[in-house]
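Worksheet for the structure shown next.
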Amino acid sequence: MVDSRKYVFAFFITALIFGTAIYASNKLTDKKIQDVRDIEARVAADILSSETQFALLAETSCRDIGPGFLSKELGPLGEKLSYADNSKGFNLEDVDSLKRSYFLLEIKDYLLMKRLTEKCNIKPTFILYFYSTKDKCEDCEKMGYVLTALRNKYPDLRVYSFDYDYDLGAIQTLTSIYKIKPQLPALIVNGEPYYGFKTVDELETKVPALKLLKTATSTNATTTLKR
Amino acid sequence: MVDVQTLILYCSLFISLFFEVFLLITYLEVRGEIKREDEMIKDFTNRRSDDLCPTVTVIVPVLNEEKTVLDTVDSLLNLDYPMDRLSYIIVDDGSTDSTWNVISKYQDHPQFKIFKKENGGKHTAVNLGLENVTSELVGCLDADSFVTPEALKKIVPYFNDASVMAVTPSIKVHEPKNFLQYIQKTEYSWSIFLRRMLSSMGALYVTPGPFSIFRTKVFRELGNYKYAHMTEDMEMAMRMQKNRYKIVNSHGAHVYTVTPHNLKGLVKQRTRWTYGFLNNALDYKALFFNKNYGHFGMFIMPIATISIFSSIFMVGSVLSGWISRAMQVLNRIQAVGFTWKWSTPSFDWYFLNTGVLSLIIVIAVALTLFILYLSIKLADGKFKLHRGILYYLFIYTLLVPLWLSKALFDTVFKRKVSWR
């Protein structure tokens with residue numbers, strides 16, 4: 001004779017384990033989303049601070065702009081959002097809303113960077129990168145690795161990445177300003193569009209500011225060694 | 001929206017977890033029973049009167065086992081049991097090596113009967129032996145297995161219960177040497193635990209070739225062994241279950257068996273076992289979800305069948321995840337070359353996978369480890385960490401689908417499997 005109570009009890013415990021796992025996972029995911037929101041808030045505050053500082057430039061000189069002028073958290077924020085975008089378990093609406101804010105923050109940071117380079121007459125060290133999430137774009141994935149490698153190599157390099165197909169007016173304005181064709185991945189370097197995959201070496205040759213950064217890095221290394 | 005693959009994965013994990021929980025509940029229930037059995041065996045040994053010991057015959061079917069048969073017979077001769085109550089029948093199933101010459105030395109031994117016949121398969125050799133049995137109890141021992149001296153006296157007391165018709169032993173790996181055999185050592189410990197739990201549930205579905213002991217009347221009433229898809233020991237257990245003949249397990253009766261030492265041998269052996277299970281289960285499908293057969297029909301047979309499919313699916317999902325990760329790494333190498341500087345050295349919990357599936361897998365692995373701990377304690381009397389446990393956790397799981405899918409393929413396309 002089968003003791004059905006044992007089955008019910010085992011089922012209840014298994015369901016409890018499943019329920020606990022679902023609850024814990026949701027809590028941890030919420031915490032992650034909150035982390036990203038906090039970073040976005042900090043980046044927004046950083047940009048506001050930089051803009052204020054920039055507005056004061058009229059009364060001061062470019063020499064007063066320190067190394068922490070632009071937010072340092074934009075890169076890590078992008079990495080966390082990309083992880084959330086590619087992982088299961090995150091609420092799609094949450095990630096979408098965070099992505100929207102992220103793209104807007106990137107554009108604001110980019111505008112600030114652009115004005116700064118014009119005003120202080122410095123070589124631009126930024127790249128606008130457009131990728132696609134709509135169709136399978138293997139070159140976009142590879143391009144992402146190249147840009148991450150470059151950013152690790154040159155911490156002062158700012159890479160602004162945008163989802164070409166994302167429904168956001170500001171991104172559409174950006175793509176129409178630079179007349180970017182839907183041949184992705186696409187890069188805007190010094191106002192010039194480049195289509196298709198580019199290696200680290202190719203980019204180092206094409207971006208004058210990177211060459212400068214490269215020279216600066218090797219000079220620093222040599223100086224450090226001599227010391 | 002949850003996709004079909006994720007849904008199947010959730011269901012497979014739920015079933016695995018449910019089974020583990022069920023086993024643990026059963027363990028909690030039978031702890032007292034295990035203690036009582038140990039006392040019963042002690043009592044039998046202390047008060048043993050030779051006249052009260054039932055007569056036993058052990059049949060040893062042999063086929064080209066010139067290297068191991070002597071050790072097998074020696075282990076039988078060392079059994080701690082009254083000599084006049086114990087006899088042996090060796091049946092040579094048409095060996096082409098010197099096996100017959102090796103066993104001929106027992107021709108004149110008072111406890112032995114020796115037969116030679118044309119090759120017809122293991123079941124025919126055992127059946128020839130069964131026809132010559134006159135004892136109350138009968139068992140079989142494969143010629144690649146060895147019994148411990150106290151094995152029989154840890155089995156016989158169970159027959160004091162008149163309803164017990166067969167007692168299965170605990171099988172261990174004989175002298176493991178390489179990592180595959182260490183994996184099997186851990187797996188056999190797991191099986192010892194599982195069989196003991198199935199025994200209490202009345203749901204044993206195999207009476208293993210090495211040293212399962214039966215009341216002789218079982219064969220007289222239910223008939224001898226059949227071909228049974230090369231797993232006659234499984235078919236016999238299912239036949240007994242069908243006829244409500246009680247089978248129990250003696251976890252303290254240890255039998256050592258030689259296990260495959262390479263992957264090819266292991267896959268072949270396990271394919272035969274799984275193929276045998278699937279085909280015998282098909283032959284006895286009437287028992288499935290049949291209340292009259294208790295846990296055996298309602299739970300163990302269905303879950304053992306489902307687990308074949310869910311194991312293939314779960315390992316397939318893990319492997320497909322690994323392949324897609326490998327493709328990403330390959331893409332990265334193509335893009336930026338090979339460098340050790342990819343990963344950021346600082347730890348950020350954010351990038352830990354805290355998805356529901358990952359958490360459930362962690363819990364399932366923790367439960368598996370706990371059951372392994374209990375299994376090794378039950379099998380060896382104490383828990384000792386050995387490398388086989390790690391191999392078992394990380395390699396065995398990936399190997400299982402090899403024979404599961406082959407057995408499934410052979411069953412679907414009605415292909416015959418071979419013994420060796």
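Throughout, read-outs are computed from the coordinates displayed, never taken from laboratory work. Keep in mind it's a predicted model, so treat the numbers as computed, not measured. Every residue, glycine among them, receives a Cβ derived from its backbone with ideal geometry; neighbour counts consider all protein chains shown.
Positive-end ranking of B:Leu390, B:Leu359, B:Val412 along the dipole of the range B:348-420, with charges on Cβ about the Cα centre, is headed by B:Val412. On the principal axes of its alpha-carbon atoms, chain B has extents of 79, 48, 42 Å, going from largest to smallest.
Which entries in the list B:Lys116/B:Lys177; A:Lys31/A:Lys108; B:Lys35/B:Lys177; B:Lys172/B:Lys242; A:Lys6/B:Lys154; B:Lys185/B:Lys268 go over 24 Å, if you measure between the two C-alpha atoms of each? Show your work: numbers first, answer last.
Working: B:Lys116/B:Lys177 33 Å; A:Lys31/A:Lys108 26 Å; B:Lys35/B:Lys177 33 Å; B:Lys172/B:Lys242 28 Å; A:Lys6/B:Lys154 30 Å; B:Lys185/B:Lys268 18 Å.
Cα-Cα > 24 Å for B:Lys116/B:Lys177; A:Lys31/A:Lys108; B:Lys35/B:Lys177; B:Lys172/B:Lys242; A:Lys6/B:Lys154; rest within.
For the range A:4-46, the Kirkwood hydrodynamic radius comes to 12.8 Å, computed from all pairs of different C-alpha atoms. Using the Cβ-Cβ distance between B:Leu369 and B:Asp348 with R0 set to 25 Å, the FRET efficiency from 1/(1 + (r/R0)^6) comes to roughly 0.35. If R0 is 45 Å, the Cβ-Cβ spacing of B:Ile306 and A:Glu138 corresponds to a FRET efficiency of close to 0.75.
Rounded to the nearest 20 debye, the dipole size of chain B about its Cα centre is 920 debye, using +1 on the Cβ of Lys and Arg and -1 on the Cβ of Asp and Glu. Let a ≥ b ≥ c be the square roots of the eigenvalues of the Cα gyration tensor of the range B:170-244; is it rounded (a/c under 1.5), or, if not, prolate (a/b larger than b/c) or oblate? Note, shape of the range B:170-244 comes out prolate.
For B:Asn290, the residues whose modelled amide H falls within less than 5 Å of its own, excluding neighbours fewer than 5 places apart on the same chain, are B:Met298. Evaluated with a Cβ-only charge set (Lys, Arg +1; Asp, Glu -1), the protein assembly as shown carries a dipole of roughly 480 debye about its Cα centre, given to the nearest 20. Taking label points 7 Å from Cα along the Cα-to-Cβ direction, A:Ala170 and B:Asn243 give a separation of 8.1 nm.
In a simple Cβ point-charge model (Lys, Arg +1; Asp, Glu -1; nothing else charged), the range B:293-420 has a dipole of about 460 debye relative to its Cα centre.
Among all the aspartates and glutamates, which ones have a C-alpha under 16 Å from B:Lys105's C-alpha, if same-chain residues fewer than 8 places away are not counted? Within the straight-line cut-off, B:Lys105 pairs with B:Glu65, B:Glu66, B:Asp71, B:Asp74, B:Asp92, B:Asp97.
Kirkwood hydrodynamic radius of the protein assembly as shown, from the reciprocal of the average inverse Cα-Cα distance over all distinct pairs: 30.1 Å. Please go through the residue pairs B:Lys264/B:Lys382; A:Lys134/A:Lys181; A:Lys80/A:Lys181 and name each one whose alpha carbons sit more than 22 Å apart in this structure. From B:Lys264/B:Lys382; A:Lys134/A:Lys181; A:Lys80/A:Lys181, over 22 Å: B:Lys264/B:Lys382; A:Lys80/A:Lys181. Largest GNM mean-square fluctuation across B:Ser163, B:Ser12, B:Ser49, computed for chain B with C-alpha springs under 10 Å, falls on B:Ser49. For the protein assembly as shown, the residue among B:Pro54, A:Thr148, B:Met83 whose Cα projects farthest onto the positive side of the dipole built from Cβ charges is A:Thr148.
Rounded to the nearest 0.05, what FRET efficiency do A:Glu73 and A:Glu202 have when you use their Cβ-Cβ distance and R0 = 30 Å? It comes out at approximately 0.55. A convex hull fitted to the Cα coordinates of the range B:98-208 yields 163 cubic angstrom per residue.
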